Amino acid sequence: MKKAISAVISVLLLAGCLTGCGKKKIEPGDAEGFDEGETLVTMWVHTIEDTPEGEAYKQSVQSFNENFNGKYYADVEFIPRNDSGGGYSDKINASVMSGDLPDVITVDGPNVSAYAANNIIQPLAELTEEEKSRYLDSILEQGTVNGRLYALGAMESSVGLYYNKAILAEAGIEVPTMDDPWTWTEFSEILEKLKPIMSEKKGYPLDMTFPVGEASIYYYAPFVWSNGGQLISDNGLEADGYFNSGRITNTMEYFRSIVDNGYMSSAPIEKLFESGRAAFKFDGAWEVNTIYQNYPDIDLGVAPYVVSDNWNGGRYTPTGSWAYAATSNADNIEAATELVKWMSNEKSGLLLYELTKSLPSTYGAYDKIDVFTDDENYRHLYEQLRDYGHPRPKTPVYPQVSTSFQQALEGIALSGKDAQSELDKSTERINAKLERYARENEE
């Protein structure tokens, strides 16, 4: 068991051990509102209390305790991540080894599968169909592993293909509907048409970067999915024939064509789109508010994410954010599940949106926020998420898949390396992680 648990350290890239990692011992009377006869439910969250996000979590816990007074009492501990993503992850790691996890933790969406595979979290108590129907399909898909629901999202996220309306009007380009997006071929033709216009503006048709880290797979794996490819097998345990398939190779070569044809700069240019020197930009949902607040001269639009010429109409657009899950230490799974449901419900989603502008995880929250009806850009982001959202790959070795995707994309698109060769090398690295995972869990 110790060897199996140690696998999570390498699989999730969690380093080091912090002292004082034990579960906080609370007795009735120690905390205001915790009374004799109530079931204590402990929880850790990944931020400090003195932030808008932390305040939202605090208020949701308070409302949970008020609602379940006499039955359950939730106690939350705020554990911030540091600049490198550690801190919170370090404490999770240390507590996995010591057996001192709380009942509920927050988990970044792409890591749900890895946490489940390594028995850090357990399936939630059964939800009714009516309860599940409140959540976006992307939230349920993100939290489901091998047919069982492990996590419910605190929030959602998306990436937009933003465009400058004035520039597209100048070029005579009309934007398609969300259900009829531009194909790769059509988008390339549009970028070619924009080249002389953007050259006069000392810019490029597309403000596109291949960022280091998680943003790379988050932004650009949708190109793979729309092309009918997948980065890992359905069970998350096989990379050969998936990560290095012809569909992935074809996708990577399309990215290289964007660079080779001069549709984007091979080196990042700060504020290229915001300064009016790019017609398009891929960026997170936060870009809408950034433009509204800081660049009012930009007439912003949201176009549908482009798709492969082979797209079959399926889900393919970016999703994923922090979720709640019950740990393997939770003895009372019903109590832990009630807290998970409460922290991810419509009321909590509305509070998170009010304080942080994070996208909600429930349909009901979107229905109650006017901006998703009244503002066409926010409405398009929601419709994209609702109708086409696709979670990132589910595998115990997700960090290696994410890193390999970023490295392959950079090497092929920016450095001109052979696509098949680079993907084969990446597949070997992923397989090495998978083999180590299987070996350590067998032991």
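The values are calculated or read from the model by the stated rules, or taken from the named source; none is laboratory data. Given the structure is predicted, the values throughout are model-derived calculations rather than measurements. We place every Cβ from the backbone using ideal geometry, glycine too, and count neighbours over all the protein chains shown. In case anyone asks, the SASA skips ligands and DNA or RNA and just uses the protein heavy atoms, side chains included. Shrake-Rupley method; radii C 1.70, N 1.55, O 1.52, S 1.80 Å.
Go through the stretch 190-291 and name the GluC sites (Glu not before Pro) that are in a DSSP coil and have 14 or fewer other Cβ atoms within 10 Å of their Cβ. Don't jump to the answer; show the numbers that get you there.
Working: sites: GLU192, GLU200, GLU214, GLU238, GLU253, GLU270, GLU274, GLU287; in loops: GLU238, GLU270, GLU274.
Sparse-neighbourhood loop GluC sites (Glu not before Pro): GLU270.
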Using only Cα atoms, tell me the angle between helix 346-356 and the longest principal axis of the chain; keep it within 0 to 90° and round to the nearest 10. 60
Using only Cα atoms, tell me the angle between helix 88-98 and the longest principal axis of the chain; keep it within 0 to 90° and round to the nearest 10. 40
Flagged links, alpha-carbon separation over 20 Å, of LYS132/LYS347; LYS201/LYS271; LYS58/LYS132; LYS394/LYS433: LYS58/LYS132
Can you tell me the 0 to 90 degree angle between the C-alpha axis of helix 2-12 and the longest principal axis of the chain, rounded to 10? 30
Calculate the length of the line joining the C-alpha centroid of the stretch 230-248 to that of the stretch 399-443, in whole Å. 11
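Tell me, what is the per residue accessible area of the stretch 37-100 in Å², probe radius 1.4 Å?
On the way: 2700 Å² over 64 residues.
Result: 42 Å² of accessible area for each residue.
Assuming 0.36 nm per residue, please report the length gained on full extension of the stretch ASP234 to ASP374 beyond their Cα-Cα distance. Don't skip to the answer; put the middle values down first.
Values: separation 140, 0.36 × 140 = 50.40 nm, distance 3.87 nm.
Extending this stretch completely gives an extra 46.5 nm.
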Stretch gain in nm, segment ASN294-ASN69, where the contour uses 0.36 nm per residue and the Cα spacing is subtracted: 76.5 nm
Measuring from label point to label point, each 7 Å out along Cα→Cβ, what is the ARG439 to THR177 span in nm? 5.5
Let me check against my output: what whole-number percent is the relative contact order of the chain, with C-alpha pairs under 8 Å and at least 6 apart? 27
Given a 1.4 Å probe, how much area per residue of the stretch 315-385 is accessible, in Å²? 35
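Can you pull the percent of the stretch 340-439's accessible area that's carbon plus sulfur, 1.4 Å probe, other chains left in place?
Whole-percent figure for carbon plus sulfur exposure: 44.
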For the pair SER199 and GLU77, how long in nm is the line joining their label points, each one 7 Å along Cα→Cβ? 6.2
Restricting to DSSP H runs of at least four residues, report the calculated mean residue ellipticity at 222 nm for the chain, -39500 (n - 2.57) per run over all residues, nearest 500 deg cm²/dmol. -13500 deg cm²/dmol
